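Since the structure comes first, as structure tokens, the remarks are kept for the end.
The values are calculated or read from the model by the stated rules, or taken from the named source; none is laboratory data. On a predicted model such as this, the values are computed, not experimentally measured, just so you know. Here the Cβ positions follow ideal geometry from the backbone for every residue, glycine too, while neighbour counts run over all protein chains shown.
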Amino acid sequence: MSTLQAAADPDAPLRSVTLPAEWDADAASALAQLVPGTGAIDLASTASRWVDALTQDDATARSLVWLLLLRQAAPTEPVWSCAFDRPPGFLVNLAAFISPGEGFAAETFVAAIRLLSSVLRNAAHTTADQRNGELPLPDLFAPAPAEQATTKAVTKDATQDSSAKNSADQPAPPVIAGDILLTNLDACLAGVGLDYDSEDGRAAACAIATLATLTAHSGTGPESLPLPPVRTVLPGLSETLRAVWREAAVATETPLATVETGFSTCSAVDGLLGVEACGLAPVFSLLRPDGRLATSTRNRLDARDFTTETALAAALAGETVLPLPGPNAHMAMYRALTGFIDRMPARPDPAAQILVRRLERGMRRALPQRHGGFTQKTSIGGHRLFLRTGEYEDGTLGELALNPTRESPMVRGLMESFGEAVSIGLQYGAPLEAYVSSFAYSCFGPSGTVEGDPVATYATSMLDYTFRALSDAYLNKKLPDGPHQDSQMDPDPLLPLDFPAQESDPVARKRGSLRLVS
């Protein structure tokens with residue numbers, strides 16, 4: 001074990017967090033978010049509270065602790081604070097079931113799902129009286145008392161005759177014991193050498209999801225079981241699937257409470273388990289937050305027989321070593337998994353996820369040595385400005401240079417430094433839209449009529465003109481002129497330096513005629 005200083009967010013005070021030595025600072029921050037307060041946190045004592053609340057025997061408790069230490073499974077956020085007003089749940093880190101050299105450990109995965117399902121069913125029985133979050137709504141459409149008295153005699157005989165039949169024909173609503181949420185799917189596929197955006201990757205994901213659902217539904221009857229997928233891809237997974245199917249597809253007169261399967265959404269539990277991409281989403285970055293290669297990246301390099309050095313050499317030579325998933329990969333995975341799991345997350349929107357242009361954190365996309373762009377000479381209120389841009393091969397903006405030619409050295413230096421700062425942000429993936437929304441219509445001198453560029457006739461500042469011109473050139477969005485500033489504004493009350501004059505004082509009259517000229 002080791003002790004780290006961490007906080008739930010940058011503004012919160014640091015807390016001492018004791019956790020396994022191989023866990024990182026992100027896990028410490030996630031644990032600080034799961035445990036409210038300002039005092040020290042110890043993983044062992046924190047986990048023992050919800051372990052004791054969920055289990056009745058020592059063997060099950062030890063197994064839950066073992067799954068947590070291996071970062072294979074952890075309970076949802078309410079369970080950490082022992083809040084059982086709703087069904088509890090567990091997050092299962094799929095990538096933690098990859099054994100080096102052996103692939104996906106299907107039997108270990110089945111054993112873990114069985115254990116978690118048993119724990120959830122026992123917790124549903126012992127904490128049923130605490131579930132005030134599932135109180136049924138009152139019958140808002142019940143008839144009035146007078147109407148009930150009128151119709152009671154008429155319907156008495158019919159009710160007595162059909163009461164037994166209705167009670168037999170209408171089964172009671174199923175009891176939801178809890179949820180088992182899968183996460184880190186893309187890193188799991190990388191561990192077995194499969195790409196997220198591939199037919200084999202989707203087939204393996206469907207087989208793993210089906211295995212989890214069949215195991216969780218074992219004992220609830222064959223009606224709730226999904227059909228196994230046609231292809232399994234992963235070695236040895238088809239035999240495990242058939243064995244679990246034979247065990248689960250058995251009719252029973254006393255079905256167990258239902259344990260539903262699904263995919264997780266982003267939460268602190270994902271950070272505690274070391275998840276790279278929550279749920280079924282793809283991994284968007286090849287790097288960890290500290291700048292090192294992610295585990296999924298190293299696994300994919302190994303699958304392609306690349307070392308770190310050879311991959312770097314290939315990337316410098318212009319080769320695409322590890323292509324990121326395309327904009328439709330998330331949707332394709334979503335469609336493939338539908339039907340093999342109980343509850344699907346929100347439907348992804350490919351149009352809102354421009355994954356191709358999303359840069360890895362900590363990586364700078366440098367401009368090529370010879371690149372396109374344009375140079376625009378213009379004048380704002382009589383002050384000359386040269387605007388120069390640099391473009392990538394796909395036509396997107398990657399560099400900005402601002403050169404006011406007839407300003408003071410301080411103004412020229414600030415404008416040139418500002419253009420360089422914007423260029424660095426663009427090359428690290430900052431969206432141009434954010435710059436336009438921040439600096440368009442900024443008001444400070446010099447301002448006035450724009451000459452030399454028809455994109456604007458008036459600008460409230462040089463930056464206002466610059467980013468409206470960039471919006472027109474690279475975002476295909478022409479912004480209208482801002483409100484004109486009155487050039488005949490009243491002077492500052494301290495200027496000119498007029499003093500109260502007296503007729504008998506000729507010096508005072510002379511002082512009153514002074515004016516400050518800029």
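None of 390, 413 is at negative phi, at pLDDT 80 or above, in a strand (DSSP E or B) and not assigned by TED's automatic domain parsing to the domain that holds residue 283 except 390. Residue 24 fulfils the conditions (1) under 30 Å from residue 201 (Cα atoms); (2) buried (at least 20 other Cβ atoms within 10 Å of the Cβ) except for a single criterion, (2). Counting the residues of segment 238-256 that are surrounded by fewer than 23 Cβ atoms within 10 Å (Cβ to Cβ) and either polar (S, T, N, Q) or in contact with a Leu (Cβ under 8 Å, 6 or more places away or on another chain) (or both) gives 8. Check segment 94-114 and report whether any residue there is on the phi > 0 side of the Ramachandran plot, out of contact with any helix residue (DSSP H, G or I) (no Cβ under 9 Å at 6 or more places or on another chain) and not aromatic (Phe, Trp, Tyr). Yes, some residue in segment 94-114 is on the phi > 0 side of the Ramachandran plot, out of contact with any helix residue (DSSP H, G or I) (no Cβ under 9 Å at 6 or more places or on another chain) and not aromatic (Phe, Trp, Tyr). Screening 252, 258, 210, 232 for residues that are of a type in the set (Ser, Thr, Tyr) and under 23 Å from residue 88 (Cβ atoms) leaves exactly one candidate, 258. Which of the residues that make up segment 276-295 are in contact with a Leu (Cβ under 8 Å, 6 or more places away or on another chain) and either outside any loop (DSSP other than H, G, I, E, B) or closer than 19 Å to residue 27 by Cβ (or both)? Result: 277, 279, 287, 293, 294. The residues listed here are 239, 247, 223, 253; of these, the one that is at pLDDT below 85, over 20 Å from residue 338 (Cβ atoms) and charged (D, E, K, R) is 253. For segment 367-387, the set of residues classified as free of Cβ contacts under 8 Å to residues at least 40 places away in the same chain and either outside any loop (DSSP other than H, G, I, E, B) or at positive phi (or both) consists of 372, 373, 375, 384, 386, listed by residue number.
For segment 291-315, a residue qualifies if it is without any contact (Cβ under 8 Å) to a residue 40 or more places away in the chain, under 27 Å from the mean Cα position of the chain (by Cα) and more than 17 Å from residue 192 (Cα to Cα), and the qualifying residues are 292, 293.
At least 2 residues being more than 21 Å from residue 113 (Cα to Cα) and of a type in the set (Val, Ile, Thr) is the threshold, and among the strands (runs of 3 or more DSSP E) wholly inside segment 1-92 those reaching it are 15-19. Scanning segment 260-273 for residues that are modelled with pLDDT under 90 and part of a loop (DSSP other than H, G, I, E, B) returns 265, 266, 267. Using the structure shown, decide if residue 180 is at pLDDT 55 or above, not acidic (Asp, Glu) and not in a helix (DSSP H, G or I). Criteria met by residue 180.
Among the residues in segment 85-96, are any charged (D, E, K, R), under 30 Å from residue 193 (Cβ atoms) and out of contact with any Ser or Thr (no Cβ under 6 Å at 6 or more places or on another chain)? Scanning segment 85-96, I find no residue that is charged (D, E, K, R), under 30 Å from residue 193 (Cβ atoms) and out of contact with any Ser or Thr (no Cβ under 6 Å at 6 or more places or on another chain), so the answer is no.
Taken over segment 195-219, the criterion of being free of Cβ contacts under 8 Å to residues at least 40 places away in the same chain and outside any helix (DSSP H, G or I) is satisfied by 198, 219. Filtered by the rule that a residue be outside any helix (DSSP H, G or I) and farther than 15 Å from residue 426 by Cβ, segment 463-485 gives 476, 477, 478, 479, 480, 481, 482, 483, 484, 485. So how many residues does segment 308-320 have that are within 17 Å of residue 296 (Cβ to Cβ) and exposed (fewer than 11 other Cβ atoms within 10 Å of the Cβ)? Of the residues in segment 308-320, 1 are within 17 Å of residue 296 (Cβ to Cβ) and exposed (fewer than 11 other Cβ atoms within 10 Å of the Cβ). The condition of being within 21 Å of residue 482 (Cβ to Cβ) and surrounded by 14 or more Cβ atoms within 10 Å (Cβ to Cβ) holds for only one of 438, 461, that being 461.
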